[in-house]
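The values are calculated or read from the model by the stated rules, or taken from the named source; none is laboratory data. Note that this is a predicted model, so its numbers are computed, not measured. So basically every Cβ, Gly included, is an ideal-geometry build from the backbone, and we count neighbours across all protein chains shown. Surface accessibility is based on the protein's heavy atoms, side chains included, excluding ligands, DNA and RNA. Shrake-Rupley method; radii C 1.70, N 1.55, O 1.52, S 1.80 Å.
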Amino acid sequence: MSTIAEGVMDILKNVSRRPIEPALSNDLVADLGFDSLQVLEVVAELEDRFDIAIAVDDVPSTRTVADVVDRVTRLVAARSNA
Amino acid sequence: MPRLRTLSDALADAAHADAGYWFLPAGAETYRSYADLYQASCRVSRSLVEAGLRRGDLAALVLPEAEPFLTTLFGASMAGTIPASLPVPVTTGDLARYLDLAGGILRASGAKAVITAKILAAAFERLRNGCPALEMVLALEDLDAPAIEPDSRPELDAIAFVQFTSGSTSAPKGVALSHRNVAANVEAINGPAGLMTGATDVGVSWLPLNHDMGLVGMALGPLYSARPGVLMPAATFVKRPAEWLRAIARFRGTISFAPNFAYDLCVRRVKAADLEGLDLSSWRIAGCGAEPIHHPTLEAFAKMFAPAGFRATSFLPSYGLAEHVLAATLPPRDRPLRSDRVSLSALTASHIVAPAADEDNAVTLVSCGGALPGHELRVAGEDGAALPERHVGEILLAGPSVMAGYYGQAEVTARTIRDGWLHTGDLGYLSDGELFVCGRINDVIIVNGRKYHPQDLEWAVDDLPGVRRGRVVAFGIVEPGRADRVVIVAEASGTAAPDTVVDAVRRRIGDLFGLYVDDVALVPGGTVGRTTSGKVQRAATRARYTQSKMAGPGVKS
């Protein structure tokens, strides 16, 4: 779990064009300043790093860093169980 | 110039060619020949007539996917109704506010029908209470009448379609284009002075079809020349920019247009591994337009993709706007970018452009070429008279591509088109007969190739807790050669914590428009002035904001 959270934070820091220290409660748009392009960039990076597929339709309901970690965790678990 | 044709005639002609669209939605791929598309469009056309739609009725299309959108557009046009593309929800995160916006457009435009996917039909059905003219909400899946060709075809001067880009206020602006407008622009672009589209050309695009460059340039362009068009969703590109380049390589694409930001996204995000085996040597027209062109971006792109066979001479920077169908100017093909390094501070209206003396105060502008054949271009002073070369003024356009008007908005149309000249609201200058675009005199904000009207952004956040109603101003900070910065200044009502208000503003604009607000400034009551007619004083607020930013952190943000 912690490794997934760390991986997510790492990606968020790389994609952001400003220095940020993301917290789980942060909103991607309102707090971290991501625009819709960067949100999709985060999605692509998450897919590559965790070897998962995130449906673009799922993205809007993912608002906070905790939502992202949660979704990735579930997708990784589903992949391992498959 | 070839004979000008209506949309349905162009489609009927293309149906005889061995060509069509490739649709590349995520993880799938379908080919539809123009002959298949013609049949499907006849089906839609017949369904609309059976549903009771008549010639001249406005039918609003809310269809995010490319194939149904095009089939419905062609079918509705064939039936003699006027198809209108509405903005589609960016996310479903704030569907209620999106429906308010869509409802505003439907009400003001007097749309008779909405055509949408089944899952959205119920939501639109509920809007009918507030839209007396809206007689029917049709689910795309139900448009399955037999494919019978219509008895009569639309005239060349009938409205081909309307593109609504703005909606919130009482007077939504929908650009209405006649078949003549569309055909004149497409044929001029495809013609010998433009792309010279020929028997080996293949278009590749990820641009959305409710965008002029996506619809006219990359969908109708191939159709009118009966050549293949490859269309992928915008989200696929934004998620993985390399997918665009891979599609060009795989389909041996020759023509692809995109706004500046797309080239920038490729430079920043395409990885070394993506470059392996990538062959872009077929790409002879790399169009760039729809937003200010940033010279360093194109240079960086050319350098990065030269090993993949990309040629810098493929770049075709262009200027245009939806009110002129798509393109207004194009430079000659196959030449290096022509650029002009000029002093930033001289690039305002009525100034003479000066070469850059001080490097900190300089910008490189890229030539967008000259007017299309059969069209006219003028850079004018405030009195409308043409200015000499290298004088900055408003860009005016005349000719067969100038829109029929804003749909149902005679007054705004008359202000925008005067004596046959379309007043673009954009600033530029001519040098050796070629156009350099360097600013804007209207309020439009351009981000990632999309235009946003400040009134829409203001309306969108007006009802949020903590914001004083009617005391919100949105504007862009426009600097040549840079992307616009989006600013919202709002009077705080004190009923919500400032941080919460700022978050809510960003989230609302993100949900509705997919746009990030660079700065949300909450100001005390009485700061945002109003004109005597009750409109917010946008220019005055922007001037105060800019001054206080230059003076230091005066406005809280």
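Annotations
- Alpha-carbon Rg with Dmax, taken over the stretch B:169-306, Å: 15.5, 53
- Peptides A:24-32, B:72-80, B:288-296 ordered by average Cβ neighbours within 10 Å, highest first: B:72-80, B:288-296, A:24-32
- Cα-based reach from A:LYS13 at 15 Å (exclusive), listing aspartates and glutamates while leaving out same-chain residues under 8 positions away: A:GLU21, A:ASP27, A:ASP31, A:ASP35, A:GLU41, A:GLU45
- With all protein chains in place and a 1.4 Å probe, the accessible surface of chain A carries 51 percent carbon and sulfur.
- Candidate aspartates and glutamates for bridging to B:LYS173, where Cα separation is under 18 Å - those fewer than 8 sequence places away on the same chain excluded: B:ASP57, B:ASP100, B:ASP212, B:GLU323, B:GLU411, B:ASP426, B:ASP443, B:ASP456, B:GLU458
- Average partner coverage of A:36-43, which counts Cβ from other chains inside 10 Å: 6
- Overall form of the protein assembly as shown per C-alpha gyration tensor (a/c, 1.5; a/b vs b/c): rounded
- Based on DSSP H segments of at least four residues, each scored -39500 (n - 2.57), the protein assembly as shown has a per-residue ellipticity at 222 nm of -10000 deg cm²/dmol.
- Only Lys, Arg (+1) and Asp, Glu (-1) charged, at Cβ; the stretch B:310-421 dipole about Cα centre in debye: 460 debye
- Under 5 Å from the amide H of B:SER178 lie the amide H atoms of B:ALA160, B:ALA404, each residue being 5 or more positions distant or on a separate chain, with H modelled from the backbone and absent for Pro and chain starts.
- Nearest-20 debye value, the stretch B:1-147 charge dipole, Cβ charges on Lys, Arg, Asp, Glu: 500 debye
- Peptides B:361-368, B:231-238 ranked from most to least packed give B:231-238, B:361-368, packing being the mean of other C-beta atoms within 10 angstrom over each peptide's residues.
- Averaged per residue, the stretch B:120-268 has 33 square angstrom of accessible surface, using a 1.4 angstrom probe with ligands and nucleic acids left out.
- Using alpha carbons only: equivalent-ellipsoid semi-axes of chain A, gyration tensor based, whole Å: 20, 13, 11
- Antiparallel content of DSSP bridges confined to chain B, in %, to 5: 60 percent
- Residues of the stretch B:67-116 that lose at least 30 Å² of accessible area (1.4 Å probe, protein heavy atoms only) when the other protein chains are present, relative to their chain alone, do not exist.
- Charge tally in the Cβ shell below 11 Å around B:CYS368, where Lys, Arg are +1 and Asp, Glu are -1, B:CYS368 excluded: -1
- The mean number of Cβ atoms from other chains found within 10 Å of a Cβ in peptide A:27-35 is 6, as a whole number.
- Per-residue mean of C-beta atoms belonging to partner chains within 10 Å, peptide B:236-243: 5
- Shown for chain B: the carbon plus sulfur share of the solvent-accessible area, taken with all protein chains present and a 1.4 angstrom probe, equals 53%.
- Of the residues B:ALA539, B:ALA521, B:VAL467, the one whose Cα sits farthest towards the positive end of the charge dipole of the stretch B:466-557 is B:ALA539 (charges of +1 on Lys and Arg Cβ, -1 on Asp and Glu Cβ, taken about the Cα centre).
- Our coupling estimate for the stretch B:250-256, obtained by passing each phi through the Karplus curve with A = 6.51, B = -1.76, C = 1.60 and θ = phi - 60°, is 5, 8, 6, x, 10, 10, 8 Hz, Gly and Pro reported as x.
- Size of charge dipole - the stretch B:137-283 - debye, nearest 20, with Cβ of Lys, Arg +1 and Asp, Glu -1, no other charges: 700 debye
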